Amino acid sequence: MEPHDRPYKYHYWVLIACNVIAPNALWFKKVRGNTVVLFIWSLIVLVGMWLERFVIIVASLAQDNLPSSWRVFESTRWDWATYLGTIGLFLFLFMLFIRLLPMISIFEVRTLLPQAKSRRMRADD
């Protein structure tokens with residue numbers, strides 16, 4: 001069976017529209033120049049990329065080697081727990097990263113360098 005004949009055919013065609021057709025609008029300067037339109041277009045492509053992974057994973061889970069076990073995939077609570085757990089792990093590690101490695105402005109780092117001190121000494125003379 002081809003992807004457009006399966007139970008997930010609507011997902012497949014939305015995926016094609018978001019990943020193949022929508023990015024072609026970026027050939028026009030009016031689309032590239034407008035920040036709001038460009039942001040909306042990036043969200044459309046993001047949905048298409050998410051649908052690509054969805055179609056690959058869910059369609060492969062729905063179509064087993066035995067035709068008697070073909071079915072539409074329905075997520076279980078363990079699937080949702082894994083999904084939410086990965087989001088929670090990412091947020092935890094991100095917050096830990098922000099806490100342990102805070103942002104330092106380049107200006108502050110530049111004043112700490114030895115070259116900056118020697119220039120300041122020369123300017124004071």
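The values are calculated or read from the model by the stated rules, or taken from the named source; none is laboratory data. No experiment lies behind these values; they were computed from the predicted model shown. Here Cβ is always computed from backbone atoms with ideal geometry, including for glycine, and neighbour counts include all displayed protein chains.
At-a-glance table
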quantity: Considering residues of the range 18-29 that are of a type in the set (A, V, I, L, M, F, W, C) and surrounded by 12 or more Cβ atoms within 10 Å (Cβ to Cβ) only, the residue nearest to Val72 (Cα to Cα); calculated: Cys18
quantity: Out of Arg53, Arg32, sole residue that is assigned to a helix (DSSP H, G or I), touching a Leu at 6+ places or on another chain (Cβ under 7 Å) and surrounded by 10 or more Cβ atoms within 10 Å (Cβ to Cβ); calculated: Arg32
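The rows are residues; the columns are (1) surrounded by 10 or more Cβ atoms within 10 Å (Cβ to Cβ); (2) modelled with pLDDT of 90 or more.
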{"residue": "Tyr8", "(1), (2)": "yes, no"}
{"residue": "Ile16", "(1), (2)": "yes, yes"}
{"residue": "Ile44", "(1), (2)": "yes, yes"}
{"residue": "Ile57", "(1), (2)": "yes, no"}
{"residue": "Leu96", "(1), (2)": "yes, yes"}
{"residue": "Leu101", "(1), (2)": "no, no"}
